[in-house]
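The values are calculated or read from the model by the stated rules, or taken from the named source; none is laboratory data. Model, not experiment: these values are computed from the prediction. Here the Cβ positions follow ideal geometry from the backbone for every residue, glycine too, while neighbour counts run over all protein chains shown.
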Amino acid sequence: MTKYQAGGMRRPHEIALLVVAVAAAGLNLRTAITSLPPLFPDLQTRLNLSSATLSLLAATPVICFGVVSAFTAWLSRRYGEEMILLVALVLLTAGLLLRGLAPGVMLFPGTNRSGSGYRSGRRCVT
């Protein structure tokens, strides 16, 4: 039996660390989506975005949820939930960095990445 095989014996501190890591990931996933709407007035002013563009920006994470949800269950069965959660957190981080570093150009791609990471990670955490 390998060390990382599912169903293997785990030490109590490994279980505690896993619970803390999953709880921290679950708490941090939501901020990528909920942090954007309060900034809409500022984004509209600074980037000269129209109301239609802001509406599309608000709908982008929801569209990502639907698209990514179709594949996340299959991917987690194929690669394991730990790997999918890791990829989800990397996507989420990349999306937030893109959105923060170059909001004029990377606002939509960053929101797309963070929405995809959120949905993938949320499926693994729950």
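Report, ordered by the first and then the second residue, all pairs with beta carbons closer than 6 Å, sequence separation of six or more or different chains, a first member in region 1-19 that is under 16 Å from Glu82 (Cα atoms), and a second member that is assigned to a loop (DSSP other than H, G, I, E, B) and modelled with pLDDT under 80.
Every condition considered, the pairs that remain are Gly8/Met1.
Table: residues versus (1) touching a Ser or Thr at 6+ places or on another chain (Cβ under 7 Å); (2) under 30 Å from Leu17 (Cβ atoms).
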site	(1), (2)
Arg46	no, no
Ser51	no, no
Val62	no, no
Met83	no, yes
Val90	no, yes
Pro103	no, no
Asn112	yes, no
Gly115	yes, yes
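Looking only at region 92-115, how many residues end up being crowded, with 23+ Cβ neighbours inside 10 Å and under 15 Å from Phe65 (Cβ atoms)?
Going residue by residue through region 92-115, those that are crowded, with 23+ Cβ neighbours inside 10 Å are 92, 95, 110-111, 113-115.
Now drop any that are not under 15 Å from Phe65 (Cβ atoms), which leaves 92, 95, 111, 113-115.
So the answer is 6.
Give the residue, chosen from Ser69, Ser35, Ser51, Ser76, that is surrounded by fewer than 12 Cβ atoms within 10 Å (Cβ to Cβ) and in contact with a helix residue (DSSP H, G or I) (Cβ under 9 Å, 6 or more places away or on another chain).
Ser51
Return the total of residues in region 37-81 being among the hydroxyl-bearing types (Ser, Thr, Tyr) and touching a Phe, Trp or Tyr at 6+ places or on another chain (Cβ under 8 Å). Before the answer, list the steps.
Of the residues in region 37-81, the ones among the hydroxyl-bearing types (Ser, Thr, Tyr) are 45, 50-51, 53, 55, 60, 69, 72, 76, 79.
Still in the list and also touching a Phe, Trp or Tyr at 6+ places or on another chain (Cβ under 8 Å): 60.
Selection size over region 37-81: 1.
Per-residue answers, yes or no, for (1) in contact with a Lys or Arg (Cβ under 7 Å, 6 or more places away or on another chain); (2) more than 19 Å from Gly100 (Cβ to Cβ); (3) touching a residue at least 60 places away in the same chain (Cβ under 8 Å):
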position	(1), (2), (3)
Leu43	no, no, yes
Leu47	no, no, yes
Thr53	no, no, no
Thr60	no, no, no
Ile63	no, yes, no
Arg77	no, yes, no
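Of all helices (runs of 4 or more DSSP H) completely enclosed by region 1-109, which ones contain at least 1 residues that are hydrophobic (A, V, I, L, M, F, W, C) and under 20 Å from Ser120 (Cβ atoms)?
12-29, 31-34, 51-79, 81-101
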